[in-house]
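See below for the structure under consideration.
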């Protein structure tokens, strides 16, 4: 709807200015202590400045909604320098664990974007699953989960995506990351489905019961790859936050239950709080 010439007349505009300034002045005198007024008020600019100062000094209403951090359900970590007895191999494991985190967050979408100096820096990323939604470690999923997967690592752990090899396999280390997720997911009380155990090789600092074997086939989907996946379903009645924090030495994963069910599907941002 447009405004008439009468509504925009100079007289009306001056009246609006007087009303707004009066409100600012009233607010100022109810919020600012007398000893903070250093100059007598002579002009409207003084009034408006005083009103702004009062607003700046006014604390936020306790009714204002703050971000929902949620209730911690479970949290565990693993050393990133202790992935294998041979340090050069352990370094490969570390890098292959960190890279999916950056694919997952969207910081990396193709190999040309990989900067290992950046990948190895401390990093934090989180996303949210709503009730009934599923996290799958990779996108080749069993039929019963199709249509419910809201998040994956967005990676396939091969040379084409920039993953490293210790001379035996490309992507060595991603099973360690999946096993950490399995551990935290089970302790958080969520439904965790990992069909193939990693009991053929030790995963330092993580019990064998949480060992999770991961494999993908770039040539296509198969039951073998679907079985060697990790599925975590949010079976609670509230959204849950998955939080990943790497401080340069340890990778920690935490799961929080949120009280506000009206949330976005995922939180599409990543934070680097340690740099």
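Just so it is clear, none of the values below were taken in a lab; they were calculated from the coordinates. Being a predicted model, the structure only gives us computed values, none of them experimental. So basically every Cβ, Gly included, is an ideal-geometry build from the backbone, and we count neighbours across all protein chains shown.
Quick one: order 94, 241 by neighbouring beta-carbon count within 10 Å, fewest to most.
Listed from fewest to most nearby Cβ atoms, that is 241, 94.
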Q. Along the Cα-to-C-beta direction of residue 74, a point sits 7 Å from the Cα; which residues of the stretch 162-193 have their amide N less than 18 Å from that point?
A. 175-193
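In which sequence would 76, 102 go, from the one with the fewest C-beta neighbours within 10 Å to the one with the most? Show your work: numbers first, answer last.
Values: 76 18, 102 23.
By the 10 Å Cβ count, ascending: 76, 102.
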Q.
Using a Debye calculation, one point per C-alpha and no hydration shell, please list log10 I(q)/I(0) for the stretch 71-271 at q = 0.10, 0.14, 0.16, 0.19 Å⁻¹ in order.
A. -0.37, -0.76, -1.03, -1.53
**Q.** Simple spin-label estimate for residue 142 and residue 118 in nanometres, 7 Å along Cα-Cβ
**A.** 3.7
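For each of 168, 127, 177, count neighbouring Cβ atoms within 10 Å of the residue's Cβ, then give the residues from fewest to most. Numbers along the way, then the final one.
Values: 168 8, 127 21, 177 27.
Ranking 168, 127, 177 by Cβ neighbours within 10 Å, fewest first, gives 168, 127, 177.
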